[in-house]
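K.L.:
Handing you a structure now.
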Amino acid sequence: MTDLASSGTRRTGGTAASNGRGLTGLLLVSAPVALLGWLIIYPIFNAIARTLVVQTETGTAFSVDTYVRFFSDGYALANLWLTLWVTAVCAALLLAICLPLALYLRFAKSRVAGVLQGLALFPMFVPSVILAYALIRTIGPNGGVDLVLNALGLPKINSPYLTPWGPIIGLVWDNIPLTTLMLVAGLGAVSDNAVEAARDAGARPLALLRHIIFPQIGNAMLVVLSFTVLSIFSAFTLPYVLGPASPEMMGPFMQRTFSQVMDTRMAVTQAVISFLICAVFGAFYVRSIAKNREARR
Amino acid sequence: MTAIDPSTLAADVPVHRTKRPDWLGVALALALGVVVVIPLLVVAIWAFAEVWRYPSLLPQEFGFRFWEATLARPDVWNAMSLSLRLSVTVTLLSALICLPAAYAFARLDFPGRNVLFLSFLTSHAFPKFGLLVAIAGIFLNLGLISTFWGVVLIQLVGTLMMMIWIPVAAFQNVDRAMEEAARDAGAGPIRVFWSVSLPQAAPTIFAAVLLSFVGTFYETEGAWLIGAPEIRTMPVLMITYINNQIVVQYGAVLSVLLWVPSFIALMFTRRLVGSGSFAKGFGV
């Protein structure tokens with residue numbers, strides 16, 4: 001997918017012909033590249049500039065007042081902590097759930113594996129709004145789970161709806177397909193021969209995991225982790241519908257600051273802060289894509 | 001659902017065939033099945049429940065009364081037609097600008113090709129909602145907030161990745177020998193593209209277009225942030241129903257209605273999604 005270099009058209013014609021081709025290529029990609037520049041790259045720099053430069057009577061001046069306000073506001077900090085905590089819990093849960101699934105899917109040959117793969121992919125086709133609604137009806141107060149427990153004569157659950165566990169359950173559910181797919185793709189790098197050889201030499205499953213499989217999928221696991229953190233940190237729909245109103249996660253917090261408080265500069269400041277916190281993961285993500293491309297050349 | 005892409009699951013491994021049933025697999029499938037299916041099942045039951053009082057395990061009365069009630073609401077029809085118009089516009093625009101670009105990335109050589117291609121993949125490297133807020137700040141100055149075209153633009157950006165990298169793979173997998181043969185037989189470049197290259201890439205491209213359409217139809221965050229309060233798409237309407245807690249069944253009926261596009265997408269695209277190339281697009 002990413003190994004463009006191996007498939008490039010060979011330059012066979014003269015310089016004029018290849019120049020013409022180069023122009024055609026650039027022309028064909030110009031529209032999406034322009035859109036990317038205008039709506040992804042430019043907004044990032046614009047956001048940083050907008051929050052740091054203010055118009056005063058004497059002209060433009062450098063100011064970090066919104067950042068100071070954010071980091072001295074107890075409520076904003078509580079939101080940030082909640083978001084970090086939810087992200088960490090989700091990432092841990094996702095790895096704990098999807099790694100066994102991916103290992104099974106990679107090495108199993110039974111017919112059950114097909115069913116399991118279908119089930120693991122299914123949440124990808126359920127939009128988060130419907131998921132949110134379904135979870136409220138299922139684990140919300142007097143929901144489906146309560147009905148079953150009640151019929152069995154057991155006490156009701158402590159509903160996670162409107163607590164941080166609401167968005168956690170929803171986000172984990174929603175992210176199972178991609179996490180599993182990415183882990184299975186990463187496990188593709190583990191050679192079957194190595195696994196067979198170790199097995200023949202009498203390695204137990206745990207030893208196999210520790211010495212043969214984990215060392216080879218370390219990078220894939222870190223990519224998955226970065227990707228998960230990036231998508232969960234600023235999730236909006238599930239935290240907005242299922243999560244607590246106060247403290248709230250960064251997604252709903254930014255939305256409220258923008259649409260209801262109408263403080264655009266503060267909302268953009270919150271966005272820049274979330275960029276900065278995710279920068280480590282983003283940088284790692286980009287670096288490993290670039291490294292994979294190098295390796296495939 | 002049971003089709004597994006052989007490239008992901010490495011079917012050519014020496015297999016220790018035993019008659020022992022695969023208990024681990026069955027246990028995993030059951031556990032995942034309960035978690036994945038039950039919430040959706042509960043909603044499906046609610047959609048057809050006329051009376052369902054706690055603590056009855058099943059509704060006291062089944063019926064279609066709430067289907068009629070939901071479908072009689074003008075806001076549902078407005079949202080549905082708006083969502084369809086948005087999705088069609090976004091998908092067409094996206095195909096128009098992305099497919100030629102994907103062909104160029106896959107087959108032509110031009111300066112900066114690798115860097116430009118990589119820049120699309122890195123659009124995943126920022127927290128999405130933060131990015132939306134930054135864009136919303138710009139749109140506010142341009143007067144694009146709460147307009148149809150503002151939402152089109154934001155959703156168009158969301159489809160770029162999908163509509164570039166899946167078609168790139170499709171164009172790269174076209175059989176070169178057949179193109180050469182057609183060229184030797186005297187076909188011009190456009191004819192070769194139209195009769196040889198495109199038909200081979202078409203199924204994958206169709207899947208990408210379908211995924212973009214469904215993804216746009218369900219897109220909530222951009223529509224909510226940029227579109228509010230004027231542009232109310234289906235998912236936005238759904239959130240209002242959830243928040244305002246009006247009749248439970250309205251939300252359930254809408255959910256079941258909204259599943260239809262999901263299932264179509266699922267049927268047509270599961271092979272693509274299950275394949276290794278889909279995951280590779282995310283950088284693994």
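The values are calculated or read from the model by the stated rules, or taken from the named source; none is laboratory data. None of these values were measured; they are calculated from a predicted model. Positions of Cβ are generated from backbone atoms using ideal geometry, with glycine treated the same way; all protein chains shown enter the neighbour counts.
K.L.:
Looking at A:F214, is it more than 10 Å from chain B (Cβ to nearest Cβ) and of a type in the set (F, W, Y)?
P.N.:
When the stated conditions are applied, A:F214 passes them.
K.L.:
When only residues in region A:241-266 that are over 21 Å from the mean Cα position of the chain (by Cα) and either hydroxyl-bearing (S, T, Y) or buried (at least 24 other Cβ atoms within 10 Å of the Cβ) (or both) count, which is farthest from the other protein chains (Cβ to nearest Cβ)?
P.N.:
Looking at the filtered set, the residue picked out is A:S246.
K.L.:
Condition first: in a helix (DSSP H, G or I) and more than 7 Å from chain A (Cβ to nearest Cβ). Now tell me which residues in region B:134-155 satisfy that.
P.N.:
Our first condition is that a residue be in a helix (DSSP H, G or I); within region B:134-155, this holds for B:134-142, B:148-155.
Hits for region B:134-155 are B:F139, B:N141, B:L142, B:F148, B:W149, B:G150, B:V151, B:V152, B:I154, B:Q155.
K.L.:
Sort through B:A104, B:A31, B:A3 and tell me the only one that's surrounded by fewer than 16 Cβ atoms within 10 Å (Cβ to Cβ), modelled with pLDDT of 90 or more and within 10 Å of chain A (Cβ to nearest Cβ).
P.N.:
After ruling out the rest, the residue left standing is B:A31.
K.L.:
Right, here's the next one. Filter region B:117-132 for residues that are in a helix (DSSP H, G or I) and either basic (K, R) or surrounded by 22 or more Cβ atoms within 10 Å (Cβ to Cβ) (or both) and give the result.
P.N.:
Selection gives B:F117, B:F120, B:A125, B:K128, B:F129, B:G130, B:L131, B:L132.
K.L.:
Quickly run through region B:267-284 and pick out the residues that are at pLDDT 70 or above and either crowded, with 20+ Cβ neighbours inside 10 Å or small (G, A, S) (or both).
P.N.:
Of everything in region B:267-284, those that are at pLDDT 70 or above and either crowded, with 20+ Cβ neighbours inside 10 Å or small (G, A, S) (or both) turn out to be B:T269, B:R270, B:L272, B:V273, B:F278.
K.L.:
Looking only at region B:16-23, decide whether some residue is aromatic (F, W, Y), at pLDDT below 90 and surrounded by fewer than 15 Cβ atoms within 10 Å (Cβ to Cβ).
P.N.:
yes
K.L.:
I'd like the full set of residues that are part of a loop (DSSP other than H, G, I, E, B) and within 7 Å of chain B (Cβ to nearest Cβ), limited to region A:117-142. Give the steps one after another, and end with the answer.
P.N.:
Here is the first cut: in region A:117-142, the residues part of a loop (DSSP other than H, G, I, E, B) are A:126-127, A:140-142.
Answer for region A:117-142, where residues must be part of a loop (DSSP other than H, G, I, E, B) and within 7 Å of chain B (Cβ to nearest Cβ): A:V126, A:P127, A:N142.
K.L.:
Filter region A:88-101 down to the residues that are within 10 Å of chain B (Cβ to nearest Cβ) and crowded, with 17+ Cβ neighbours inside 10 Å and list them by number.
P.N.:
Answer for region A:88-101, where residues must be within 10 Å of chain B (Cβ to nearest Cβ) and crowded, with 17+ Cβ neighbours inside 10 Å: A:I97, A:L101.
K.L.:
While we're on this one: May I ask you to list pairs of residues, at least six apart or on different chains, whose Cβ atoms are under 6 Å apart, with the first in region A:226-249 being of a type in the set (G, A, S) and the second being in a loop (DSSP other than H, G, I, E, B)?
P.N.:
That search, which allows pairs on different chains as well, returns A:S234/B:P127; A:G243/A:M249.
K.L.:
Filter region A:69-116 down to residues that are outside any helix (DSSP H, G or I) and of a type in the set (A, V, I, L, M, F, W, C), then give me how many there are.
P.N.:
1
K.L.:
Which condition from (1) touching a residue at least 40 places away in the same chain (Cβ under 8 Å); (2) more than 30 Å from A:A295 (Cβ to Cβ) is the one that A:L187 breaks?
P.N.:
Unmet condition: (2).
K.L.:
Next question, about the same structure. Regarding region A:218-232, can at least one residue be identified that is of a type in the set (F, W, Y) and either under 16 Å from the mean Cα position of the chain (by Cα) or surrounded by fewer than 21 Cβ atoms within 10 Å (Cβ to Cβ) (or both)?
P.N.:
yes
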